Amino acid sequence: MSRHVTASRTAVFDRLESEVRVYCREFPAVFARAQGAQLFDEEGRRFLDLLGGAGVMNYGHNPPGVVAAVSAYLADGGIVHALDLHTVAKRRFLEAFERCILAPRQLYYKIQFTGPTGANAIEAALKIARRTTGRTSAIAFTNGYHGVSLGALAATGSSAKRRAAGIGFAGIDRMPFDGYFGAGTDTAAYLAQMLADPGSGIDPPAAILLEVVQGEGGINTASDQWLRSIADIARAHGALLIIDDIQAGCGRTGTFFSFERSGIRPDIVCLSKAIGGMGLPMSLVLMAPEHDCWRPGEHNGTFRGHNLAFVAATAAIDLYWSDDRLERQIAARSIQLDDRLRAMPNHGGPDGFVLRGRGMIRGLAWRDQGIAAQVSAAAYALGLIVETCGPKGEVLKLLPPLTITAAEIDEAADLLGEAIAAVIPVHIDTLQTA
Ligand code: PMP
């Protein structure tokens, strides 16, 4: 394919689409089809997809059972848009979510359908916390990412994203996330001290908002003990604990909710991205019933709960969460992925990568900030799509579909190893001792 032809395929994007676009700059193919962990561009070139729609494609692209349910619903004249009217599709979703997700975990939340973005769920959650506590400020953490609308952006750490707002922020106090100062500093104890001290300058918070695994911020992972301490601190200070499970939820860490194994019971949980089953937009706020402070229409939106997304989400929940088969498969595949990553010659050592994350949300963090981007580019050239994250783009982020096959994990690990070796040539002596 000549340069000229490739350029003409993307010319309209360059000419008409805003400069705000980002992923397509790193991965400039024009994609046409997708199945499972595979993407195909319009010329039929195959890629393995570890970008995973930034946490949307947990069940892979076009999971056949979900596609079949959506196609049948459309063919049958099912209602597609209904504001927040009662529909059969919404009833089925609520029933499936209660049956397969909430009841088995003994979580008794009320469900709010917000506008379809993750950011809108965060906006709603923060409003709820402020309304129910009568307080204005909330705690958010270093390197947290919660979206780019103003309320959510106030809670987001990234200076580049914050700068783009062109306005100052109010209502958030920033605290260090677990491990921010290294393993030796207990940042939960630091937070406890700041909140207990009337001289600290930190107002009693309406909420403590956090991601259990920080997806955009560098795959920083909160320990179970840290989460339990934060939950205790929230309770002791009358603040609502809000878990942003928008990227790390829906099975990504190995359990449906990322916080399950810590045993904490958040007051509010935000879900989005993968809840829509096959990439259809939907966002939820789950809240303890006593926090359902809304009067009708107070957090409105035209697309609050889209019926096609209900149909897809219901099919995905029925297919993947009515028993523990997917959870067992995630466990097996994450061990396989972990083994392959640990066995790479570039793992560990002063110039090597540190492995972060858990389950199917993994990060490879290099001290040298430029490496992750170079590895991402080298991987793309080999047919593997994998993005970077972290405050300086220093972490390579792996989000394979939870349904990825063992053979695809091996293929992805082989390609990743090849890409890393292309960027950091492996010394012969390292190979011989590996
Ligand atoms: N919270 C987290 C943890 C996220 O990863 C994201 C998106 N990357 C958001 C919130 C915002 O979601 P959206 O982009 O749909 O507004």
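The values are calculated or read from the model by the stated rules, or taken from the named source; none is laboratory data. None of the values given here were measured: they were computed from a predicted structure. Only protein heavy atoms, including side chains, enter the accessible area calculation; ligands, DNA and RNA are left aside. Shrake-Rupley method; radii C 1.70, N 1.55, O 1.52, S 1.80 Å.
Numbers at a glance
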read-out: Heavy atoms of VAL20: accessible area, 1.4 Å probe, square angstrom to 10; value: 120
read-out: Quotient of C-alpha Rg and 2.2 N^0.38 Å, computed over the chain; value: 0.99
read-out: Region 365-389 and region 153-214: distance between their alpha carbon centers, rounded to Å; value: 29
read-out: Gaussian network model of the chain, springs between alpha carbon atoms under 10 Å - residue of GLY168, GLY65, GLY53 with greatest fluctuation; value: GLY168
read-out: Estimated Rh, region 65-320: Kirkwood, alpha-carbon pairs, angstrom; value: 18.7
read-out: Inter-part distance where region 215-245 and region 1-78 are each reduced to a Cα centre, Å; value: 34
read-out: Accessible surface ranking that places the most exposed of TYR108, TYR23, TYR380 first, with a 1.4 angstrom probe; value: TYR108, TYR23, TYR380
read-out: Nearby lysines by direct alpha-carbon distance to LYS110 (threshold 26 angstrom, same-chain neighbours under 8 apart not counted); value: LYS90, LYS127, LYS273
read-out: Å² of accessible area per residue within region 65-320, as computed with a 1.4 Å probe and no ligands counted; value: 41
read-out: Gain on full stretching of the segment that runs from HIS81 to GLN225 - 0.36 nm per residue minus C-alpha separation; value: 47.5 nm
read-out: Chain lengthening between ALA236 and GLN369 when straightened (0.36 nm per residue, less Cα-Cα); value: 43.9 nm
read-out: Amide proton proximity set for ASP173, modelled H, under 5 Å, gap of 5+; value: ALA138, ILE139, ALA140
